Amino acid sequence: MNLKDELTCKVLEILNPTASEKDMRQAQGSWWFSCRKKPRGGLRLTDDGFDALALAGVKSYRIDLEGALDLNNHFVIQLDRLMDCPFYITNTSVYVFGEKMAVQLILFSGNLKKFISAKAERLAA
C-alpha cells in the first residue's frame, strides 16, 4: 500500500468508521487529482480531499506564494512529481500536510519556481 492509499484509508476510518471498500474507492477518486499508483509524487489534493483531511484533523501548513501563480500543466506536473506529502494549491497559497516540506517551502519564501528548479537539479545530480 502506498502513501496515498494509507492516508485515504486512515482519514476515511476517522470520518466514517463503517466505510466499505466501495467508499474507499470513491474517496480515492474524489480526493486525489491523480489516481495512478506511483512510487513518488501524485499527492495533489482536490477540493474534496483538502476538506476531508482538514475535517479529519490532519495538520496542514499554509505557505503564501510569492506573486500570483500561472498553474499551467507542466508546472503542476513538476510540482506533483517533487512533493513528497499531500498538498493543495491555489493561485495565492499552497497547503502542505508535511512539516519537512513546509520548512523547505518557507526557506524558498514561497517561490515555487525556485523550489522546483532546486529540487529538479538535486534529483538530476
Here are LEU105, LEU112, LEU53: which of them is at pLDDT 95 or above and crowded, with 19+ Cβ neighbours inside 10 Å? LEU53
The conditions are (1) of a type in the set (Asp, Glu); (2) exposed (fewer than 13 other Cβ atoms within 10 Å of the Cβ); (3) not in a helix (DSSP H, G or I), and GLU121 fails exactly one of them. Which is it? (3)
Hey, does the range 34-45 have a residue that's in contact with a strand residue (DSSP E or B) (Cβ under 8 Å, 6 or more places away or on another chain) and on the phi > 0 side of the Ramachandran plot? yes
Does the range 78-99 contain any residue that is more than 13 Å from the chain's Cα centre (by Cα) and outside any loop (DSSP other than H, G, I, E, B)? no
At pLDDT 85 or above, of a type outside the set (Phe, Trp, Tyr), surrounded by 13 or more Cβ atoms within 10 Å (Cβ to Cβ) and closer than 26 Å to SER30 by Cα: does that describe LEU69? no
Any residue at all in the range 62-69 that is free of Cβ contacts under 8 Å to residues at least 24 places away in the same chain, in contact with a Phe, Trp or Tyr (Cβ under 9 Å, 6 or more places away or on another chain), of a type outside the set (Ser, Thr, Tyr) and farther than 20 Å from ALA120 by Cβ? no
Would you confirm, using the coordinates I've provided, whether ARG81 is in contact (Cβ under 8 Å) with a residue 24 or more places away in the chain, in contact with a helix residue (DSSP H, G or I) (Cβ under 6 Å, 6 or more places away or on another chain) and surrounded by 13 or more Cβ atoms within 10 Å (Cβ to Cβ)? no
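The values are calculated or read from the model by the stated rules, or taken from the named source; none is laboratory data. Just so it is clear, the model here is predicted, and its values are computed rather than measured. Methodologically, a virtual Cβ is constructed for each residue, glycine included, from the backbone with ideal geometry; neighbour enumeration extends over all protein chains shown.
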